[in-house]
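The values are calculated or read from the model by the stated rules, or taken from the named source; none is laboratory data. Computed from a predicted model, the values in this text were never measured in an experiment. Heads up, the Cβs are rebuilt from the backbone with ideal geometry, glycines too, and the neighbour counts pull from every protein chain shown. Remember, those area values only see protein heavy atoms, side chains included, never the ligands or the DNA or RNA. Shrake-Rupley method; radii C 1.70, N 1.55, O 1.52, S 1.80 Å.
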Amino acid sequence: MESDVAEIVQKLLALNSKTNDDTTLLVAALEERLKALMGDVATLNAAHALLRNDTKACCQNETGLPLLIQSAVAAEAAKFQVKETHAGIAAGGLSEDRVMLLIQNALAIYEADKTGRVDYALESAGGSIISTRCTETYNRRTTEISLFGIPLWYATNSPRTVIQPDMQPGQCWAFKGTQGFLVIQLLTPIQPTAFSLEHIPKSLSPNGRIESAPKEFSVWGLIDENDAEGINLGNFSYQDNGETLQYFPVEETQTESYRYVELRITSNHGNPEYTCLYRFRVHGTPSYA
C-alpha cells in the first residue's frame, strides 16, 4: 500500500513539473507573439506615415485618387487597436490583404466618375443643357483658327462642357462676370439628394490661383424648362482651398421629383471678368426606383 502511495506521489510530482514546464513554454510563446504584434503595429504606423507623405508629394492639394486612397486607409487605420481578451493577450489590425482591398475599393470609386454615384446630368448618359438664361459666354481666345496667318475664328467651350467628363485645364465653360445661370435637363426625373462641383486644382493653374472658380451658388428644381421660379434645393459655397471635387447634399430631403434643375452662380473667387465652370454633377434617386 505504501509503495502504491509513493508511486502516485512520484507521478503527481512529475506531472506538476511537466505542467510548470508547459506553462513556462506557453508564457514564453505568448510573449514572443506579443512582441511580434507590437512590431506589426509599428510597421503599419510607419507604412501609414509613408503613404501620407507619398500622397502629399503626389498631389500638393491632396485631391483626387491619392486622397481617396489615403482617406480609406486612414479610416481603417483609426480602427486598428490591440484589444484585451479573457487571456489578456490578443490583437487586431490591418493585414496586407486588407490594405490592398481598401486600395482596390478606392480605385473602383475613382474609376466610377470619382464619386461612385450616378450623375444624372452627364451628357453622354442623356443629360442636356436647355438654357443659360441671359448668361453670355466669355471668349477667352484660347485656340485660334487662321488662314495664311489671318485669324478667322476663336474656339470657345460651350455650356455643354459643364456636363462632360473632360477636366483638363481650360476645358471649361467661361461666362462673363461673376453671375451666371445654367438650366439642365436630367436623364430622368429624380429626387435630388446631392450635387458635386469640380474645378481644377491650384497646382494645375498657370498662376497658382483659381480666382475664376465659382464661389457662392444655389441649385433649383424646376417643374419644366419654362419654370422661372423653381424650388430652392440649397445654397452652397465652393471652397478654393478645399478639394477640387466638392460634394453638397441637398439642404432638405426632397419628396418631389424633378427632370430639370437650374444652377445659379452668384459669385466667384475674385476674377471680375469671367467665371469658369468645369464640371457639375447631379445625384439623386430616380422617381421609378
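Values as computed for the structure displayed
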read-out: Residue check for Thr193: under 30 Å from the mean Cα position of the chain (by Cα), of a type outside the set (D, E, K, R), open to solvent by 50 Å² or more (accessible area, probe 1.4 Å) and at pLDDT 90 or above; value: yes
read-out: All positions within the range 221-234 that are over 18 Å from Ser287 (Cβ atoms) and either modelled with pLDDT of 95 or more or open to solvent by less than 20 Å² (accessible area, probe 1.4 Å) (or both); value: Asn232, Gly234
read-out: Residue, modelled with the lowest pLDDT, within the range 101-151, restricted to residues that are open to solvent by 60 Å² or more (accessible area, probe 1.4 Å) and acidic (Asp, Glu); value: Glu144
read-out: Residue pairs meeting the criteria (Cβ under 9 Å; at least 6 apart or on separate chains; first farther than 25 Å from Glu225 by Cβ and touching a residue at least 12 places away in the same chain (Cβ under 8 Å), in the range 241-265; second assigned to a loop (DSSP other than H, G, I, E, B) and among the aromatic types (Phe, Trp, Tyr)); value: Thr244/Tyr278; Gln246/Tyr238
read-out: Scan of the range 160-187 for residues that are in contact with a strand residue (DSSP E or B) (Cβ under 6 Å, 6 or more places away or on another chain) and closer than 22 Å to Pro286 by Cα, ordered by number; value: Val162, Leu182, Val183, Ile184, Gln185, Leu186
read-out: When residues of the range 258-289 are limited to those that are part of a loop (DSSP other than H, G, I, E, B) and modelled with pLDDT of 95 or more, the one surrounded by the most Cβ atoms within 10 Å (Cβ to Cβ); value: Tyr278
read-out: Qualifying residue in the range 214-228 (condition: of a type in the set (Gly, Ala, Ser) and at positive phi); value: no
read-out: Test: residue in the range 235-245 that is at pLDDT below 95, touching a Leu at 6+ places or on another chain (Cβ under 8 Å) and surrounded by fewer than 14 Cβ atoms within 10 Å (Cβ to Cβ); value: no
read-out: Test: residue in the range 259-266 that is under 23 Å from the mean Cα position of the chain (by Cα), under 20 Å from Arg117 (Cβ atoms) and among the hydroxyl-bearing types (Ser, Thr, Tyr); value: no
